[in-house]
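Right, one structure below, let's go through it.
Just so it is clear, none of the values below were taken in a lab; they were calculated from the coordinates. In this text, all values refer to a predicted model and were calculated from it rather than measured experimentally. Using ideal geometry, Cβ is built from the backbone for each residue, glycine included, and neighbour counts are taken over all protein chains shown.
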Amino acid sequence: MLIVSQNRKCLLNMERAGTVFLSSLYGGHEEGKPVKVLASFPLAEDVTESLGEYESEARAMEVLGEIADEYGKYLGADGGLLATANFYAPPFAFAPPKVYKMPLE
């Protein structure tokens with residue numbers, strides 16, 4: 001899955017990211033500071049990319065939930081007889097390519 005950053009200047013490949021997380025260094029504890037959603041990279045020590053900033057920890061948590069929901073989507077069919085041919089199609093499921101755009105607010 002690809003994630004487009006809030007400022008639309010970064011495209012993150014989730015298959016290459018180590019972790020997407022809320023920053024404990026920004027906001028959440030101090031009034032008026034934004035909470036950042038960051039991505040880390042497993043082969044680059046201490047390298048993170050900011051995907052977006054939100055006014056509260058609750059909103060940042062909602063965004064993380066939306067990312068997880070989009071990542072988990074798949075298409076599937078139960079299978080059965082085809083209407084146009086005497087053929088039984090087996091059940092199937094697959095994950096289509098997905099892109100998540102970080103909300104502006």
Checklist entry - When the chain is fully extended, how far beyond the present Cα-Cα distance does N86 get from E66, taking 0.36 nm per residue of separation? => result 3.1 nm
Next on the checklist: In whole Hz and in residue order, list the ³J(HN,Hα) couplings for segment 92-99 that follow from phi through the Karplus curve 6.51 cos²θ - 1.76 cosθ + 1.60, θ = phi - 60°; x for Gly and Pro.
Outcome noted: 8, 8, 8, 9, x, x, 10, 10
Item to check | Amide proton proximity set for K98, modelled H, under 5 Å, gap of 5+ | outcome: L2
Item to check | Charge dipole magnitude, Cβ of K and R +1, D and E -1 - the chain, Cα centre, debye nearest 20 | outcome: 440
Checklist entry - Tilt of helix 57-71 relative to the longest C-alpha principal axis of the chain, in degrees (0 to 90, nearest 10)? => result 30
Item to check | Intensity falloff of the chain expressed as log10 I(q)/I(0), Debye formula with alpha-carbon point scatterers, at q = 0.11, 0.15, 0.22 Å⁻¹ | outcome: -0.45, -0.67, -1.16
